[in-house]
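These notes concern the structure reproduced below.
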């Protein structure tokens, strides 16, 4: 049975209305829906235009403004430079796949901790336990992430080399055909 999509309407006064609870909600409430893995869609109340991405970006902006940011200026500059380039779609898929891999890794880590430390939900374990656990695991995780990033870098370099080779071959073949047609 498929999950029903929770509909949230955004009104011109910038208020968000949750049709499931028949109440106005805030961006914090939408963030809570994300954290609970609720499937939802935000639409403009007048036009039915899908505003979900825009709302999610607003939440990210609020999170980045307060506390410790997730994205460095260098990374954000890189994102901006990819907009409009031929690689934009590829970068989006790459980031999506890497996020999925990271979430899967995190899930497996939680499953392993349940096996070792009991059947309870790790999110309800004491915060100091997780702090100690992550401090202990951090060097290993950093090493693993560095190896993963190095592997990704090599893969991208290989892809770039292949694209350059294919482009060179394509233009060489095209030039040879042009020369042949002109009788050179």
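Please treat every number below as a calculation from the coordinates, not as lab data. The shown structure was predicted, so the numbers you read here are calculated from the model rather than taken from an experiment. Don't worry about glycine lacking a Cβ; one is built from the backbone with ideal geometry, like all the others, and counts go over all protein chains shown.
Here are the numbers:
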| item | result |
| --- | --- |
| Those residues of the stretch 1-21 which are without any contact (Cβ under 8 Å) to a residue 24 or more places away in the chain and more than 14 Å from residue 45 (Cα to Cα), in sequence order | 1, 2, 20, 21 |
| Among (1) in a loop (DSSP other than H, G, I, E, B); (2) under 21 Å from residue 153 (Cβ atoms) - the single one residue 20 does not satisfy | (2) |
| Output for the stretch 16-44, where each listed residue is touching a helix residue (DSSP H, G or I) at 6+ places or on another chain (Cβ under 6 Å) and over 18 Å from residue 4 (Cβ atoms) | 27, 31 |
| Residue within the stretch 65-85 that is part of a helix (DSSP H, G or I) and in contact with a strand residue (DSSP E or B) (Cβ under 9 Å, 6 or more places away or on another chain) present | no |
